[in-house]
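Some notes on the structure that comes next.
The values are calculated or read from the model by the stated rules, or taken from the named source; none is laboratory data. It should be emphasised that the depicted structure is a prediction, and the values quoted were computed from it without experimental measurement. With ideal geometry, Cβ positions are generated from the backbone for all residues, glycine too; neighbour counts draw on all protein chains shown. Heavy atoms of the whole protein, side chains included, go into the accessibility calculation; ligands, DNA and RNA do not. Shrake-Rupley method; radii C 1.70, N 1.55, O 1.52, S 1.80 Å.
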Amino acid sequence: MHGGSYRLLTPAEVATWLQVSELTIKNKYRMWGLKPQKVGRLLRFRERDVIAYLEKKYG
(Lines give C-alpha, C1' and ligand atoms only; values in the text may rest on other atoms or scores of the structure.)
Protein backbone atom coordinates (compact mmCIF):
# COMPACT_ATOMS: atom_id res chain seq x y z
CA MET A 1 0.00 0.00 0.00
CA HIS A 2 1.32 3.41 -0.96
CA GLY A 3 1.68 6.34 1.38
CA GLY A 4 -0.16 9.60 1.19
CA SER A 5 -3.75 10.53 1.68
CA TYR A 6 -6.85 10.65 -0.42
CA ARG A 7 -6.64 14.46 -0.28
CA LEU A 8 -7.42 15.99 -3.66
CA LEU A 9 -4.84 18.31 -5.16
CA THR A 10 -5.39 20.86 -7.91
CA PRO A 11 -3.16 20.76 -10.99
CA ALA A 12 -1.49 23.93 -9.64
CA GLU A 13 -0.69 22.20 -6.32
CA VAL A 14 0.76 19.18 -8.12
CA ALA A 15 2.79 21.48 -10.37
CA THR A 16 4.22 23.33 -7.37
CA TRP A 17 5.05 20.04 -5.65
CA LEU A 18 6.80 18.63 -8.74
CA GLN A 19 8.35 22.00 -9.64
CA VAL A 20 6.90 22.07 -13.14
CA SER A 21 4.33 24.33 -14.75
CA GLU A 22 0.62 23.76 -14.37
CA LEU A 23 0.45 23.43 -18.16
CA THR A 24 2.95 20.55 -17.98
CA ILE A 25 0.67 18.73 -15.52
CA LYS A 26 -2.37 19.27 -17.71
CA ASN A 27 -0.52 18.10 -20.84
CA LYS A 28 1.38 15.13 -19.40
CA TYR A 29 -0.70 13.56 -16.61
CA ARG A 30 -2.10 10.90 -18.98
CA MET A 31 1.34 9.99 -20.30
CA TRP A 32 2.61 9.78 -16.72
CA GLY A 33 -0.28 7.49 -15.77
CA LEU A 34 -1.77 9.87 -13.19
CA LYS A 35 -5.46 9.13 -12.86
CA PRO A 36 -7.45 12.33 -12.35
CA GLN A 37 -10.54 12.65 -10.22
CA LYS A 38 -13.07 14.87 -11.97
CA VAL A 39 -14.94 17.33 -9.78
CA GLY A 40 -17.48 18.69 -12.20
CA ARG A 41 -15.29 19.85 -15.06
CA LEU A 42 -12.24 20.37 -12.85
CA LEU A 43 -9.24 18.06 -12.65
CA ARG A 44 -8.05 16.94 -9.25
CA PHE A 45 -5.40 14.38 -8.34
CA ARG A 46 -5.24 12.20 -5.24
CA GLU A 47 -2.13 12.88 -3.19
CA ARG A 48 -1.50 9.15 -2.84
CA ASP A 49 -1.59 8.69 -6.65
CA VAL A 50 1.08 11.38 -7.10
CA ILE A 51 3.23 9.69 -4.43
CA ALA A 52 2.75 6.31 -6.12
CA TYR A 53 3.83 7.81 -9.46
CA LEU A 54 6.96 9.32 -7.89
CA GLU A 55 7.88 6.05 -6.14
CA LYS A 56 7.37 4.05 -9.34
CA LYS A 57 9.24 6.50 -11.55
CA TYR A 58 12.05 7.55 -9.22
CA GLY A 59 12.09 4.91 -6.49
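Remarks
- Apportionment of accessible area to carbon and sulfur, the chain, percent (1.4 Å): 52 percent
- The mean sequence distance of close C-alpha pairs (under 8 Å, at least 6 residues apart), as a share of the length of the chain, puts its relative contact order at 44 percent.
- For the chain, the solvent-accessible area works out to 73 Å² per residue, with a probe of 1.4 Å and every protein chain left in place.
- Distance between the pseudo-spin-label points of Ser21 and Lys56 (7 Å out from Cα toward the beta carbon): 2.6 nm.
- Positive minus negative residues near Arg7 (Lys, Arg vs Asp, Glu; Cβ under 13 Å): 0
- Nearest-20 debye value, the chain charge dipole, Cβ charges on Lys, Arg, Asp, Glu: 280 debye
- Distance between the pseudo-spin-label points of Leu42 and Ala12 (7 Å out from Cα toward the beta carbon): 1.0 nm.
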